[in-house]
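The values are calculated or read from the model by the stated rules, or taken from the named source; none is laboratory data. Owing to the predicted nature of the structure, the values given are computational and were not obtained by experimental measurement. When we count neighbours, we look across all protein chains shown, and the Cβ atoms used for this are built from the backbone with ideal geometry, even at glycine. Quick note on the areas: whole protein, heavy atoms, side chains included, nothing else; ligands and nucleic acids left out. Shrake-Rupley method; radii C 1.70, N 1.55, O 1.52, S 1.80 Å.
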Amino acid sequence: MNVLVVGGAGYIGSHCVNQLLTAGHRPVVVDNLIFGHRDAIPAGVPFHEVNLGDRPAMVEILREEKIDIVMHFAAFAYVGESVTNPLKYYRNNVGATLELLQAMFEAGVSKFIFSSTCATFGVVEKLPITEDLPQAPINPYGQSKLDIEHVLRDLTHAHNFSAAIFRYFNAAGAAEDGSIGEDHDPETHLIPLCIDAATGARGALKVFGRDYPTPDGTCLRDYVHVDDLSRAHIAVFEKLETPRTLVDYNLGTGRPSSVLEVINAVEKVTGLKVPCDDAERREGDPPSLYADSKKAMKELNWQPKFDTIEAIVESAWGWHKDHPKGYDL
Ligand code: UDP
């Protein structure tokens, strides 16, 4: 398959490019390099430095590269920023995505895979989170993703168009060969921050709240390896062969880890101490979030290969220890 990976120079997109190559497909990357890294794209993979909202340019790429499937990873994803600057999030995550979908219609490309998020569920009343729970996001980031989910529902109803929606839990880890990994600016994610605190690349880790109603008082999250996420995107190809199909899957391991468990795993894997300070709860953090991924397991025959927090941290460490400044060596 010729697969257009929009946001293919970013964290999850670049790992998906790797997995597509491994599976024998032909990835083509589009990225505007605002958050993406040129060095995350393997040599030989066609790359177009274009904004996904640039419809004429996207139509040309879709036609010239004879694209069969579009995967869309390019989005702004800072929850706090989405609250203070919602228009930025709706313009990019919704507005530009609509342009991309329009470009696909103009170019006659009818298969789409969309990166969504567990943030579309908002505050859940039931755990683990199954696909059929009500979706009520509590911030513009989650809402912007849910808006596109609704657009996809309507498009697959109205047209010979098929789409898959993946809702990620906490994407983590790095390529097993240590060639690519996580490099966000600013970095807000727990595992890279723990590793940086351990190596001294940053100051002590702030533990956001130790008074949550969880076994050790810190938040529980479902950390899922980025290569496992990527493999699900390829496993769904067959489903998209049937026009007017819409499928949705929550992707996590179903085994949550607390902040303190992540810190312990980082200490165990690195052999270094993670200096920590207690801090106030971070606004908007629910106590506990974890996935029920049985649907993906059953329908896609998907199984996370990285099934412990130590294995995930180990792969993250493989990247960070050789790239302490990420892609800026
Ligand atoms: N967290 C923390 N200190 C940090 C960053 C994160 O205690 O410096 C906690 C955060 O409160 C949450 C968990 O780690 O409970 C995972 O946060 P992250 O930002 O990695 O992902 P999120 O779950 O917010 O998508």
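For residue 206, list the lysines whose Cα falls under 23 Å from its own Cα; do not include residues on the same chain fewer than 8 positions away.
Excluding near neighbours in sequence, the set is 268, 273, 321, 325.
Within 15 Å, Cβ to Cβ, of residue 7, how many net charges do the neighbouring residues add up to if Lys/Arg are +1 and Asp/Glu are -1?
Charge balance in the 15 Å sphere: -4.
Report, to the nearest whole %, how much of the accessible area of segment 75-117 belongs to carbon and sulfur atoms, 1.4 Å probe, protein only.
Taking all protein chains in place, segment 75-117 shows 56 percent carbon and sulfur surface.
From the backbone phi of segment 122-129, what are the Karplus-calculated ³J(HN,Hα) couplings (6.51 cos²θ - 1.76 cosθ + 1.60, θ = phi - 60°) in whole Hz, Gly and Pro given as x?
Running phi through 6.51 cos²θ - 1.76 cosθ + 1.60 with θ = phi - 60° gives x, 8, 8, 9, 9, 10, x, 8 Hz.
Let me have the relative contact order for segment 38-151, percent, based on Cα pairs under 8 Å that are six or more residues apart.
Reported relative contact order: 31 percent.
Please compute the net charge surrounding residue 116, taking Lys and Arg as +1 and Asp and Glu as -1 over other residues with Cβ under 13 Å from its Cβ.
-1
Taking a cut-off of 19 Å between Cα atoms, list the lysines near residue 239, but don't count ones fewer than 8 places away on the same chain.
Straight-distance partners of residue 239: 111, 294, 295, 298.
So, for segment 1-117, what is the accessible surface per residue at a probe of 1.4 Å, expressed in square angstrom?
Spelled out: the 1.4 Å probe surface of segment 1-117, per residue, equals 40 Å².
Once phi is turned into ³J(HN,Hα) by the Karplus curve 6.51 cos²θ - 1.76 cosθ + 1.60 with θ = phi - 60°, what whole-Hz value does each residue of segment 5-19 show in order, with x for glycine and proline?
Per residue, the Karplus-derived 3J(HN,Hα) values read 9, 7, x, x, 9, x, 4, 6, x, 5, 5, 5, 4, 4, 5 Hz.
If packing is taken as the average count of other Cβ atoms within 10 Å, what order do 274-282, 113-121, 303-311 fall into, highest mean first?
Order by mean packing, descending: 113-121, 303-311, 274-282.
Pairing the Cα long axis of helix 190-199 with the longest principal axis of the chain, what angle in degrees results, from 0 to 90 and rounded to the nearest 10?
It works out to around 50 degrees.
I want the local charge near residue 87. Using Cβ-Cβ distances under 15 Å, sum +1 for each Lys or Arg and -1 for each Asp or Glu among the other residues.
0
Using the Karplus equation 6.51 cos²θ - 1.76 cosθ + 1.60 (θ = phi - 60°), what ³J(HN,Hα) coupling, rounded to whole Hz, does each residue of segment 70-81 give in order, writing x for Gly and Pro?
10, 10, 10, 10, 7, 7, 7, 9, 9, 4, x, 5
If contacts are Cα pairs under 8 angstrom and at least 6 residues apart, what is the relative contact order of segment 141-211 in percent?
For segment 141-211, the relative contact order is 12 percent.
So for the chain, averaging the separation of alpha carbon pairs under 8 Å that are six or more residues apart and normalising by length, what relative contact order in percent results?
Worked out over the chain, it gives 19 percent.
Compute the long axis of helix 226-235 from its Cα atoms, compare it with the longest principal axis of the Cα atoms of the chain, and write down the angle in degrees, 0 to 90, nearest 10.
So the inclination is approximately 30 degrees.
Separation of segment 282-304 and segment 143-211 by C-alpha centroid, Å?
Between the Cα centres of segment 282-304 and segment 143-211 lies a distance of 13 Å.
Highest mean first, how do 33-39, 191-197 rank when packing is the count of other Cβ atoms within 10 Å averaged over residues?
Those peptides, ordered most packed to least, come out 191-197, 33-39.
Among 201, 217, 138, whose Cα projects farthest towards the positive end of the dipole of segment 137-246, with charges put on the beta-carbon of Lys, Arg (+1) and Asp, Glu (-1)?
Working it through, the farthest residue towards the positive pole turns out to be 138.
Taking the Cα centre of the chain as the origin, how large is its charge dipole in debye, to the nearest 20, when only Lys and Arg (+1) and Asp and Glu (-1) carry charge on their Cβ atoms?
The dipole magnitude comes to about 420 debye.
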